[in-house]
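Readers should treat all values here as calculations from the given coordinates under stated rules, not as data from a laboratory. Keep in mind that this is a model prediction, so the values were computed, not measured. Glycine gets a Cβ as well: all are built from the backbone with ideal geometry, and neighbour counts include every protein chain shown.
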Amino acid sequence: MGDYGIMRIPVGPAVREARRVQPAGGGWLAFAGTMVLVAAIVDAVYGIDAISGDDTVRGIVFRVIAAVQTLVALMILARNPAGALFDILLAMLNGTAALLTVAKHLGWRSP
């Protein structure tokens with residue numbers, strides 16, 4: 001049997017070697033980084049749409065958020081621990097900005 005147990009799962013010293021070759025969480029980090037990049041693309045499109053619709057402030061806000069999301073996605077893909085913290089803060093900012101635009105999409109007017 002050697003360094004592998006039943007069902008070819010590494011045990012003993014083989015566990016350390018397996019972790020050295022492929023660190024834990026690699027697939028989830030790639031998934032998280034990809035999802036942040038997708039969110040950045042969507043926010044960039046929202047920003048372009050807002051700017052073309054004469055709402056430059058909202059467009060600039062979404063374009064800035066998209067640019068920062070791209071940088072944060074690269075941090076996550078590079079396994080920088082600060083990337084996760086920045087992503088959480090950026091998700092809160094992005095959610096707030098999106099909620100503030102609901103009135104604009106529904107055609108509500110301020111009193």
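Tell me, which residue of region 55-111 that is in a loop (DSSP other than H, G, I, E, B) and of a type in the set (Ser, Thr, Tyr) is farthest from Asp43 (Cα to Cα)? Walk me through it before giving the result.
Keep residues of region 55-111 that are in a loop (DSSP other than H, G, I, E, B), which gives 55, 78-80, 101, 107-111.
In the following step, the residues that additionally are of a type in the set (Ser, Thr, Tyr) were identified as 101, 110.
On the way: Thr101: 12, Ser110: 24 Å.
For region 55-111, the residue satisfying everything is Ser110.
Just need a number here: residues in region 92-103 that are touching a residue at least 40 places away in the same chain (Cβ under 8 Å) and within 16 Å of Val72 (Cα to Cα). Full working, then the answer.
We begin by selecting, within region 92-103, every residue touching a residue at least 40 places away in the same chain (Cβ under 8 Å); these are 94, 101.
From what's left, within 16 Å of Val72 (Cα to Cα): 94.
Counting residues in region 92-103 that are touching a residue at least 40 places away in the same chain (Cβ under 8 Å) and within 16 Å of Val72 (Cα to Cα) gives 1.
Test of understanding: among Ala98, Ala73, Ala84, which residue is within 30 Å of Gly27 (Cβ to Cβ), surrounded by 19 or more Cβ atoms within 10 Å (Cβ to Cβ) and of a type in the set (Gly, Ala, Ser)? So that I can check it myself, show each step before the final result.
On the way: Ala98 fails: surrounded by 19 or more Cβ atoms within 10 Å (Cβ to Cβ); Ala84 fails: surrounded by 19 or more Cβ atoms within 10 Å (Cβ to Cβ).
That would be Ala73, the only listed residue that is within 30 Å of Gly27 (Cβ to Cβ), surrounded by 19 or more Cβ atoms within 10 Å (Cβ to Cβ) and of a type in the set (Gly, Ala, Ser).
Pairs only if they're at least six apart or on different chains, beta carbon under 8 angstrom, first in region 37-55 and at positive phi, second surrounded by fewer than 18 Cβ atoms within 10 Å (Cβ to Cβ) and not hydroxyl-bearing (Ser, Thr, Tyr); list them, first residue then second.
Hits for this filter: zero, empty list.
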